[in-house]
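Asks: Below is one structure. I have some questions about it.
Every number here is computed from the coordinates shown, using simple stated rules; none is lab data. Values in this document were obtained by computation on a predicted structure and should not be read as measured data. Using ideal geometry, Cβ is built from the backbone for each residue, glycine included, and neighbour counts are taken over all protein chains shown.
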Amino acid sequence: MTKSALQIARAAYQPKMPTALLGPVKVKEGEPTQSVANQEEIKALFPNTYGQPYIVFEQAEEQKKYPPVNVGVILSGGQAPGGHNVIAGLFDGIKDVNPESRLFGFILGPGGLIDHNYMELTAPIIDEYRNTGGFDIIGSGRTKLEKKEQFDKGLIILKALDIKALVIIGGDDSNTNACVLAEYYKSINAGVQVIGCPKTIDGDLKNEMIETSFGFDTACKVYSEVIGNIQRDCNSARKYWHFIKLMGRSASHIALECALQVHPNICLISEEVEAKNQSLDDIVTEIAEAVAARAAQGNNFGTVLIPEGLIEFIPAMKSLIAELNDILAKHPEYKVIRKSEQRNYIIEMLSKANADVFKSLPENVAMQLTLDRDPHGNVQVSAIETEKLLAEMVGKKLAEWKESGKYVGKFATQTHFFGYEGRCAAPSNYDADYCYSLGYTAAALIAFGKTGYMSSVRNTTAPAKDWIAGGVPITMMMNMERRNGEMKPVIQKALVELDGAPFRKFAEKRAAWAISTDYVYPGPIQYFGPTEVCDQPTKTLQLEAKSKKK
Ligand code: FBP
């Protein structure tokens, strides 16, 4: 494998870790926990793993002796920078516990466990992947691990390899499944512990004990670099409005973080659109007004950041998508109808109100709403070209305003979608350190016999030596939600809080950013150099930490 100069230099980087993990550790247990909501239902569904205490690892006087342990690891869902370091931290952790321990990776996500597709991860393999982006060491997948037959099939290979613990590195849905699996294996005395690790660039797996999901930091920095470059281009040519859609699924954390980093003219926040009950036309009018105001000053250029999940948060669209979900599930024959007839087929089946919304959309966007759902039942929002939809609709509105004399200016657009560009980037120092610590913590949770826990590393706005490593019972993060027509226990997704410090900061600044050209150009991630350039966590995390201290 040919390596870049940065890859070679980066391979030697030694991730920073909390002091507590640097030598022998002991466990400090907290109070028993409760789920965030629906306590009775969750307790009944997880009788063996509910209510376990938080735990924190502390330095111990002497190293206890542990038997060797075989561990399995799965990467689940979308790629996020730092996944390889979680695996490296886990590998080093179980080897420090006992050098005879072994690590097995299941190939291409949870499907690898069910299909018995695995490889042993040895020291030379791990060394190839230290501090690199991507999930290519074992690959990832989106198979939903939820049925007893899958758990039983998985257990056959776990037993065959004498694996005593399984680490699932994933987002909210995958960690929900990890929790169900932990409960099931405990209920049948399978002798397999299950530990989760919080992964997703989307930043929506967080709570009191999980400050952030890994990958969010690096992905946002990559997008902010590129948006900054576009803003500089935009401010040089002064002839385009750039409509930039950003990944992040439902939550707008990525768009918000990028806005805090680059000061765009406009940034839409889906959670606010929903709270204000805004229609598509309200959003288009809001953008057009900002364009007109800048044009009045002779500035026919600007940037608009759009979270990829926006469409699902516009109340009229939400209702349309919900009805489409039902129709598509009930009418699989839809897929074999001729493309030219699909639109009318759908319109005839929709209620009048939803059919009207569907008809009002440009045909390509309307049809994108009917694409296959992912295995978790989510609309594949990354395939919906909201950036083009908004650019087109704002253009139409401005043309009307021009005729009536309300707007004088030129409006030319460029559209972009950033998502895949950041998901496999080389992890920032923050993610490299955070991920390694999460993996190492998972190894400690295994050594102490824990199951149904998520690896947790907190206080990460402080220097790494002061980070707090421990475990959070996954049941604590759960509530009941309707999924595919049934009430299910799931980890509560963390959306942008409109009374949270990051949004408040943005709301305080956005009017000025809309009219002025106050762009910030963050530049590329730096891996070597002064700490204020290389080691800063996200603005989101810094603002949240600051407001907690108050
Ligand atoms: P996860 O929740 O699995 O971490 O998803 C991250 C993500 O990048 C989302 O932001 C995006 O909507 C989705 O994956 C796209 O997934 P895919 O590439 O599989 O279509």
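Asks: With respect to the cross-link table entries Lys221/Lys546; Lys239/Lys276; Lys465/Lys509; Lys28/Lys546; Lys3/Lys245; Lys465/Lys549, which display a Cα-Cα separation exceeding 24 Å?
Replies: Lys239/Lys276; Lys465/Lys509; Lys28/Lys546; Lys3/Lys245, as the Cα separations exceed 24 Å there.
Asks: Using +1 on the beta carbon of Lys and Arg, -1 on that of Asp and Glu, and nothing else charged, what's the dipole of segment 174-224 about the Cα centre, debye to 20?
Replies: It works out to roughly 160 debye.
Asks: Still on this model: Calculate the FRET efficiency for Ser187 and Ala355 from the Cβ-Cβ distance with a Förster distance of 41 Å, rounded to the nearest 0.05.
Replies: So the FRET efficiency works out to roughly 0.30.
Asks: Over 29 Å between C-alpha atoms is what I'm after, so list which of Lys352/Lys388; Lys43/Lys148; Lys26/Lys153; Lys493/Lys550; Lys352/Lys406 land there.
Replies: Going by Cα-Cα distance, Lys26/Lys153; Lys352/Lys406 fall outside the 29 Å limit.
Asks: Might you report the magnitude of the Cβ-based charge dipole of segment 12-150 about its Cα centre, with Lys and Arg at +1 and Asp and Glu at -1, to the nearest 20 debye?
Replies: I would put it at about 80 debye.
Asks: Where a Cα-Cα gap under 18 Å defines reach, which aspartates and glutamates qualify for Lys186, not counting those fewer than 8 residues away within the same chain?
Replies: Result set, ordered by chain and number: Glu146, Glu149, Asp152, Asp162.
Asks: Taking the alpha-carbon centroid of each part, what is the distance from segment 383-399 to segment 492-533 in angstrom?
Replies: So the two Cα centres are separated by 25 Å.
Asks: Output the 0 to 90 degree angle, nearest 10, between the alpha-carbon long axis of helix 172-187 and the longest principal axis computed from the alpha carbons of the chain.
Replies: It works out to around 30 degrees.
Asks: Rounded to the nearest 500 deg cm²/dmol, what is the calculated helix-only ellipticity per residue at 222 nm for the chain, with -39500 (n - 2.57) per DSSP H run of length n ≥ 4?
Replies: -13500 deg cm²/dmol
Asks: Something else now. Normalised by the number of residues in segment 371-471, what is the relative contact order in percent for Cα pairs under 8 Å and 6+ residues apart?
Replies: Worked out over segment 371-471, it gives 16 percent.
Asks: If you place +1 on the Cβ of every Lys and Arg, -1 on the Cβ of every Asp and Glu, and leave all else neutral, what size is the dipole of segment 401-519 about its Cα centre, to the nearest 20 Debye?
Replies: 280
Asks: Fewest Cβ neighbours within 10 Å first, please rank Thr461, Thr441, Thr132 accordingly.
Replies: By the 10 Å Cβ count, ascending, the order reads Thr461, Thr132, Thr441.
Asks: Which of Phe358, Tyr420, Val56 sits closest to the plus end of the dipole of the chain, meaning its Cα is farthest towards the positive end, when Lys and Arg get +1 and Asp and Glu get -1 on the C-beta?
Replies: Farthest towards the positive pole: Tyr420.
Asks: If each of Arg338 and Gln542 carries a label point 7 Å out from its Cα toward its Cβ, how far apart are those two points in nm?
Replies: Here the modelled spin labels are 5.9 nm apart.
Asks: With both bridge residues required to lie in segment 1-125, what share of the DSSP beta bridges run antiparallel, to the nearest 5%?
Replies: Within segment 1-125, antiparallel bridges account for around 70 percent of the total.
Asks: Could you give the Stokes-Einstein D for the chain in µm² per second, using the C-alpha Kirkwood radius, 25 °C, 0.890 mPa s?
Replies: It diffuses with D of about 100 µm²/s by this estimate.
Asks: Within 10 Å, count the other beta carbons around each residue, average over each peptide in 35-42, 168-175, and list them highest first.
Replies: Put in order of decreasing packing, that is 168-175, 35-42.
Asks: By how many degrees, between 0 and 90 and to the nearest 10, does the Cα long axis of helix 315-330 differ from the longest principal axis of the chain?
Replies: 60
Asks: I'd like the FRET efficiency for Lys330 and Gln380, computed as 1/(1 + (r/R0)^6) with the beta carbon distance as r and R0 of 25 Å, rounded to 0.05.
Replies: Once rounded, the FRET efficiency stands at 0.85.
Asks: Could you order peptides 98-108, 223-233 by the average number of other Cβ atoms within 10 Å of their residues, highest first?
Replies: Descending mean neighbour count gives 223-233, 98-108.
Asks: Could you list the residues of segment 82-126 with an amide nitrogen less than 18 Å from a label point located 7 Å from the Cα of Gln63 in the Cα-to-C-beta direction?
Replies: 89-102
Asks: Name the residue from Tyr453, Phe506, Thr540 whose Cα lies farthest towards the positive end of the charge dipole of segment 405-550, charges +1 on Cβ of Lys and Arg and -1 on Cβ of Asp and Glu.
Replies: Checking the options against the dipole of segment 405-550, the answer is Phe506.
Asks: Sticking with this structure for a sec: Just subtract the alpha-carbon distance of Ala462 and Glu421 from 0.36 nm times their residue separation and send over the number in nm, one decimal.
Replies: Contour length minus Cα-Cα distance gives 11.9 nm.
Asks: Find how much the distance from Leu6 to Glu532 grows on full extension, using 0.36 nm per residue of separation minus their present alpha carbon separation; answer in nm with one decimal.
Replies: Length difference between fully extended and current span is 187.4 nm.
Asks: Given the options Phe91, Pro81, Ala44, identify the residue whose Cα lies farthest towards the positive end of the charge dipole of segment 42-197 (+1 on Cβ of Lys, Arg; -1 on Cβ of Asp, Glu).
Replies: Farthest towards the positive end: Ala44.
Asks: What is the calculated FRET efficiency for Asn117 to Ala237, with r their C-beta to C-beta distance and R₀ = 56 Å, to the nearest 0.05?
Replies: Efficiency, rounded to the nearest 0.05: 0.65.
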